[in-house]
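Notes for the one structure printed next.
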Amino acid sequence: MWRENGRGDSITFDDRAEAEMWKRLLDANGNSLGAATKVYEDSQHDGPTVSEAMLTHIDQLVGVTPYTLKRYTSAVRLHFSGPLGQMKIKAVTHEHIVQWIKWMQGREKGPKTIAVQHGLLSATMETAERQGFITRNPCKGVRLPKQVRVGDDGDDIDMEDFRAIRERTDPHFRPFLDFLVGTGCRFSEATALVAKDFTLDTDPPLVFITKAHKLGGEGEARYVGEPKSRKSRRRVSLAPSTALAVRPLVEAATKDKGPVFRMKDGGEFTAQAFYNRSWNKARTEAGFGKDGHKHITVHSIRHLHAAALLHAGMDMYQLSVRMGHNSIGITLDLYAHLMPDAHFKGAQHAAKALGLPDDIPELAS
């Protein structure tokens, strides 16, 4: 017995096991007999289900961290436990992927989450195609919900916002914030730095980004490994003020061979520890807490660094290299909105290249 659209309904079976199977199908498909019947019919195809194929795909991945494997496996349980995950992969069509996107939206999942999980699903389909289970990837050509910015993490902030938080931060952690805003480094990159990564007496001073903290798998501690991508290995020049802020920490780390940035008690500088002992308090006191008008995260400081350099005249390619992005396309997706005069300058360059007169009103304004 079940209720569908507010109306009670029932089916009788001679076999208890079959009845229990249909009960599970109905429970998993929102008490919709039509949806449950479709899943049952699809299950008659041979080959793995979507969720089974995804777990097989994940198990075959190489060169990924234990944390990433754990995150992918959790994603299958969290985002593919509905009707799509139960379907035989051979039965999946373009329309099923569209329905899955609508299902995700109904669970209030944002465009970024949907895009990331669609990427995992599409990669699984590519693997299934190579294995001969399907002849075409049904994820191809599916239009995803529009994202405001790819990879956004925290609202944009300006220097006034940053200074408001910095002033309320424990003095012990201010050099760390100064380093982040002065370099645009990721939190995981900054906390992995040791003294030998800095050359402060060169012109300009430099920091070498060659590693980053990684989260371990289930029950495993975090560890220092490769940075996010090959292009994340880079040299970042330091402004004199940034070099001055970190010099005492670098000198201390030279003596004791420890990390440059650490907690007040000398403990490991983790995101959770920094959030609990400094960041959340300072952010809240500055008016950007849970109920604040801006959602500011530590990663927002990275965006602030990029915005400051663009406004100072750095081009997108230079910024992409400095930020350690895997491609300039990522940089453009993230920061093109910070260049509102780009179209106007483009029109000016076009006018000069084509020999148009300088007194066109739109170009002379």
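The values are calculated or read from the model by the stated rules, or taken from the named source; none is laboratory data. All figures in this text were calculated on a predicted structure; none of them were measured in a lab. Cβ sites come from the backbone with ideal geometry, for glycine too, and all protein chains shown count toward neighbours.
Filtered by the rule that a residue be of a type outside the set (A, V, I, L, M, F, W, C), in a helix (DSSP H, G or I) and loosely packed, with under 15 Cβ neighbours inside 10 Å, the stretch 88-98 gives HIS94, GLU95. Selection of helices (runs of 4 or more DSSP H) fully inside the stretch 281-365 by the criterion of at least 2 residues being modelled with pLDDT of 65 or more and in contact with a helix residue (DSSP H, G or I) (Cβ under 7 Å, 6 or more places away or on another chain) returns 299-311, 316-323, 328-335.
Results for (1) β-branched (Val, Ile, Thr); (2) in the same structural domain as SER320 (by TED's automatic domain parsing); (3) under 25 Å from ARG283 (Cα atoms); (4) touching a residue at least 24 places away in the same chain (Cβ under 8 Å), shown as yes or no for each residue.
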position: ALA164; (1), (2), (3), (4): no, yes, yes, yes
position: SER188; (1), (2), (3), (4): no, yes, yes, yes
position: THR199; (1), (2), (3), (4): yes, yes, no, no
position: HIS213; (1), (2), (3), (4): no, yes, yes, yes
position: ARG222; (1), (2), (3), (4): no, yes, no, yes
position: LYS231; (1), (2), (3), (4): no, yes, no, yes
position: VAL246; (1), (2), (3), (4): yes, yes, yes, yes
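Residue count for the stretch 56-96, restricted to those that are in contact with a strand residue (DSSP E or B) (Cβ under 9 Å, 6 or more places away or on another chain) and closer than 30 Å to LYS211 by Cβ: 4. Quick check on the stretch 56-87: of everything there that is crowded, with 18+ Cβ neighbours inside 10 Å and modelled with pLDDT of 90 or more, which residue is nearest to THR124 (Cα to Cα)? Going through the qualifying residues, I end up with HIS57.
Taking VAL50 as the residue in question, decide whether it is out of contact with any Pro (no Cβ under 8 Å at 6 or more places or on another chain), in contact (Cβ under 8 Å) with a residue 40 or more places away in the chain and not charged (D, E, K, R).
Values: out of contact with any Pro (no Cβ under 8 Å at 6 or more places or on another chain): yes; in contact (Cβ under 8 Å) with a residue 40 or more places away in the chain: yes; not charged (D, E, K, R): yes.
The answer is yes for VAL50.
Name the single residue, out of those in the stretch 193-228 being at pLDDT 90 or above and among the basic types (Lys, Arg), that is nearest to LYS257 (Cα to Cα). The qualifying residue nearest to LYS257 (Cα to Cα) is LYS196. Answer yes if at least one residue in the stretch 33-55 is surrounded by 11 or more Cβ atoms within 10 Å (Cβ to Cβ), at pLDDT 85 or above and hydroxyl-bearing (Ser, Thr, Tyr), and no otherwise. Yes, there is a match, as at least one residue in the stretch 33-55 is surrounded by 11 or more Cβ atoms within 10 Å (Cβ to Cβ), at pLDDT 85 or above and hydroxyl-bearing (Ser, Thr, Tyr). LEU121 satisfies every condition listed in (1) over 30 Å from ARG234 (Cα atoms); (2) in contact with an Asp or Glu (Cβ under 9 Å, 6 or more places away or on another chain); (3) not hydroxyl-bearing (Ser, Thr, Tyr) except (2). Inside the stretch 173-195, residues that are outside any helix (DSSP H, G or I) and among the aliphatic types (A, V, I, L, M) make up a count of 3. The conditions of being within 24 Å of the chain's Cα centre (by Cα), in a loop (DSSP other than H, G, I, E, B), in the same structural domain as ARG222 (by TED's automatic domain parsing) and in contact (Cβ under 8 Å) with a residue 60 or more places away in the chain are not met by PHE274. Of all residues in the stretch 196-226, which are buried (at least 18 other Cβ atoms within 10 Å of the Cβ), assigned to a loop (DSSP other than H, G, I, E, B) and among the basic types (Lys, Arg)? Listed by number, the list holds a single entry, LYS211. Checked against (1) farther than 23 Å from LYS102 by Cα; (2) in contact with a helix residue (DSSP H, G or I) (Cβ under 6 Å, 6 or more places away or on another chain); (3) free of Cβ contacts under 8 Å to residues at least 40 places away in the same chain, ASP9 passes all but condition (2). For THR242, are the conditions met, namely being in a helix (DSSP H, G or I), farther than 22 Å from PHE162 by Cβ, among the polar types (S, T, N, Q) and not assigned by TED's automatic domain parsing to the domain that holds SER74? Considered against the rule, which asks whether it is in a helix (DSSP H, G or I), farther than 22 Å from PHE162 by Cβ, among the polar types (S, T, N, Q) and not assigned by TED's automatic domain parsing to the domain that holds SER74, THR242 comes out as no.
Take the residues in the stretch 282-335 that are charged (D, E, K, R) and without any contact (Cβ under 8 Å) to a residue 40 or more places away in the chain; name whichever of them is surrounded by the most Cβ atoms within 10 Å (Cβ to Cβ). Talk me through it step by step, then tell me what you get.
We begin by selecting, within the stretch 282-335, every residue charged (D, E, K, R); these are 283, 285, 290-291, 294, 302, 315, 322, 333.
Okay, now just the ones that are also without any contact (Cβ under 8 Å) to a residue 40 or more places away in the chain, so 290-291, 315.
Working: LYS290: 8, ASP291: 7, ASP315: 11.
For the stretch 282-335, the residue satisfying everything is ASP315.
Within the stretch 166-176, none of the residues are assigned by TED's automatic domain parsing to the domain that holds VAL321, within 20 Å of the chain's Cα centre (by Cα) and within 18 Å of MET263 (Cα to Cα).
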